[in-house]
Structures are given as C-alpha cells and as structure tokens.
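Undergrad: Sharing a structure here in structure tokens format.
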Amino acid sequence: MGMFLNSIDSYEKYKTMAFSTYFVDKTSLLVELIPALFEEPRHICITRPRRFGKTVMANMIGSFFNAGIDSSDVFDRLEVAKDSVYQKHLNKHNVIQIDFSKVDDECKSYRTYIGDIKDLLREDLHAAYPNVAFRNKGAYL
C-alpha cells in the first residue's frame with residue numbers, strides 16, 4: 001500500500017470508529033456520492049464546521065472505494081450494504097487521500113511540504129503502475 005494511493009490508514013481509522021459504542025451510520029451518503037464518480041469534475045470537497053466529522057467522512061469515503069483493501073467487514077453491516085450499488089463500488093476504485101493537517105516537524109516551507117507530497121505520490125503511482133512513464137521535474141522516469 002502506498003502513502004497516499006490506496007492507503008490502509010483511512011480504513012483502519014474508520015473501522016475503529018464504525019465499531020465504537022456511539023457510532024452513527026452515515027453510509028447512505030455514499031450512495032449519493034457514487035454518481036459524482038462519473039461526472040466532471042470528479043473532485044469531492046468535504047466542508048463542515050470545525051469538529052463536525054470531516055475526517056470521519058473522508059475516512060468513510062476512502063475506506064469504501066479504496067481498491068487496495070477489503071473493507072466488507074465494516075460496510076456489510078451498514079446502511080450502504082442494502083443499496084444495489086454496494087457490491088459494484090465497494091473497494092473497486094483507486095483512492096488518493098492526502099491529509100494536509102499533518103506537517104513534518106522538519107518541514108521548512110510550503111514548497112518543501114508540497115514537494116514532499118508530490119514525490120511520495122509519484123512513488124506510490126510508480127509502484128502501482130511500473131510500466132507507465134512518469135514525469136519527474138520535467139523529465140520522464
């Protein structure tokens with residue numbers, strides 16, 4: 001698994017939440033998001049006030065679509081499993097998930113931070129697709 005591409009992190013975090021005592025199932029929102037996979041632009045922006053579950057929502061989305069894991073142990077018992085699109089989309093899509101709230105202590109600038117993310121994402125993509133040529137600072141690898 002990669003750092004950003006199909007990372008297991010979102011699944012591990014969401015699984016912990018989903019099996020907690022006071023978990024509220026909001027997976028029916030996934031059914032509403034699925035059409036967005038086939039429309040332009042294909043970006044999903046999650047906005048809510050501070051402390052209103054943005055990270056949990058992002059982890060739910062990542063866990064559900066992530067092709068690098070099998071998250072059926074979590075989602076089989078939730079509301080989304082009752083929908084006809086469930087099996088068609090569960091763990092069938094590549095997911096790139098970047099948490100911009102975490103910055104390495106040694107990071108000296110915004111450019112360095114974004115450069116590190118780009119390098120790690122490039123490594124993930126190259127590992128997943130070794131036969132594809134990727135540009136590295138203007139040159140193909």
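Undergrad: Of the residues 78, 30, 37, 5, only one is in contact (Cβ under 8 Å) with a residue 60 or more places away in the chain and out of contact with any Ser or Thr (no Cβ under 9 Å at 6 or more places or on another chain); which? Steps first, answer last, please.
TA: Numbers: 78 fails: out of contact with any Ser or Thr (no Cβ under 9 Å at 6 or more places or on another chain); 30 fails: in contact (Cβ under 8 Å) with a residue 60 or more places away in the chain; 37 fails: in contact (Cβ under 8 Å) with a residue 60 or more places away in the chain.
None of the others qualify; the one that does is 5.
Undergrad: Looking for whichever is of a type in the set (D, E, K, R) and touching a Leu at 6+ places or on another chain (Cβ under 7 Å) here; the options are 105, 83, 116, 124. Which one fits?
TA: Values: 105 fails: touching a Leu at 6+ places or on another chain (Cβ under 7 Å); 83 fails: touching a Leu at 6+ places or on another chain (Cβ under 7 Å); 116 fails: touching a Leu at 6+ places or on another chain (Cβ under 7 Å).
It is 124.
Undergrad: Same structure again: Among residues belonging to the stretch 61-78 that are not in a helix (DSSP H, G or I) and not hydroxyl-bearing (Ser, Thr, Tyr), point out the one that is surrounded by the most Cβ atoms within 10 Å (Cβ to Cβ). Quick ask: steps written out before the conclusion?
TA: The initial filter retains those residues of the stretch 61-78 that are not in a helix (DSSP H, G or I), namely 66-71, 76-78.
Then keep just the ones that are not hydroxyl-bearing (Ser, Thr, Tyr); that gives 66-70, 76-78.
Numbers: 66: 25, 67: 14, 68: 17, 69: 20, 70: 12, 76: 11, 77: 12, 78: 18.
Out of the qualifying residues, it is 66.
Undergrad: Picking from 36, 81, 58, which residue would you name as being among the aliphatic types (A, V, I, L, M), surrounded by 12 or more Cβ atoms within 10 Å (Cβ to Cβ) and modelled with pLDDT of 95 or more? Even if it seems obvious, please write down each step before you answer.
TA: On the way: 36 fails: modelled with pLDDT of 95 or more; 58 fails: modelled with pLDDT of 95 or more.
Selected residue: 81, the only one of 36, 81, 58 that is among the aliphatic types (A, V, I, L, M), surrounded by 12 or more Cβ atoms within 10 Å (Cβ to Cβ) and modelled with pLDDT of 95 or more.
Undergrad: Say whether the condition of being closer than 14 Å to residue 25 by Cβ, of a type in the set (Gly, Ala, Ser) and assigned by TED's automatic domain parsing to the domain that holds residue 12 is met by at least one residue in the stretch 84-91.
TA: The first filter runs over the stretch 84-91 and keeps only residues closer than 14 Å to residue 25 by Cβ, leaving 86.
Those left that are additionally of a type in the set (Gly, Ala, Ser): none.
The answer is no, given that none of the residues of the stretch 84-91 is closer than 14 Å to residue 25 by Cβ, of a type in the set (Gly, Ala, Ser) and assigned by TED's automatic domain parsing to the domain that holds residue 12.
Undergrad: Sticking with this structure for a sec: If only one of 23, 52, 19, 4 is closer than 27 Å to residue 123 by Cα and not assigned by TED's automatic domain parsing to the domain that holds residue 126, which one is it? Before the answer, list the steps.
TA: Details: 23 fails: closer than 27 Å to residue 123 by Cα; 52 fails: closer than 27 Å to residue 123 by Cα; 19 fails: closer than 27 Å to residue 123 by Cα.
Every option except 4 fails the conditions.
Undergrad: Any idea which of 45, 107 is more than 11 Å from the chain's Cα centre (by Cα), free of Cβ contacts under 8 Å to residues at least 40 places away in the same chain, part of a loop (DSSP other than H, G, I, E, B) and in the same structural domain as residue 135 (by TED's automatic domain parsing)? Please lay out each step first, then the result.
TA: Working: 45 fails: in the same structural domain as residue 135 (by TED's automatic domain parsing).
Exactly one residue qualifies, and that residue is 107.
Undergrad: Might you check whether a residue that is β-branched (Val, Ile, Thr), free of Cβ contacts under 8 Å to residues at least 24 places away in the same chain and assigned to a loop (DSSP other than H, G, I, E, B) occurs anywhere in the stretch 11-26?
TA: Checked against the condition, which is being β-branched (Val, Ile, Thr), free of Cβ contacts under 8 Å to residues at least 24 places away in the same chain and assigned to a loop (DSSP other than H, G, I, E, B), the stretch 11-26 yields at least one hit.
Undergrad: Can you tell me which of (1) at pLDDT below 90; (2) touching a Ser or Thr at 6+ places or on another chain (Cβ under 9 Å); (3) surrounded by 13 or more Cβ atoms within 10 Å (Cβ to Cβ) is the one residue 90 doesn't meet?
TA: (1)
The values are calculated or read from the model by the stated rules, or taken from the named source; none is laboratory data. Every value quoted in this text rests on a predicted model; they were computed, and no experiment measured them. Here Cβ is always computed from backbone atoms with ideal geometry, including for glycine, and neighbour counts include all displayed protein chains.
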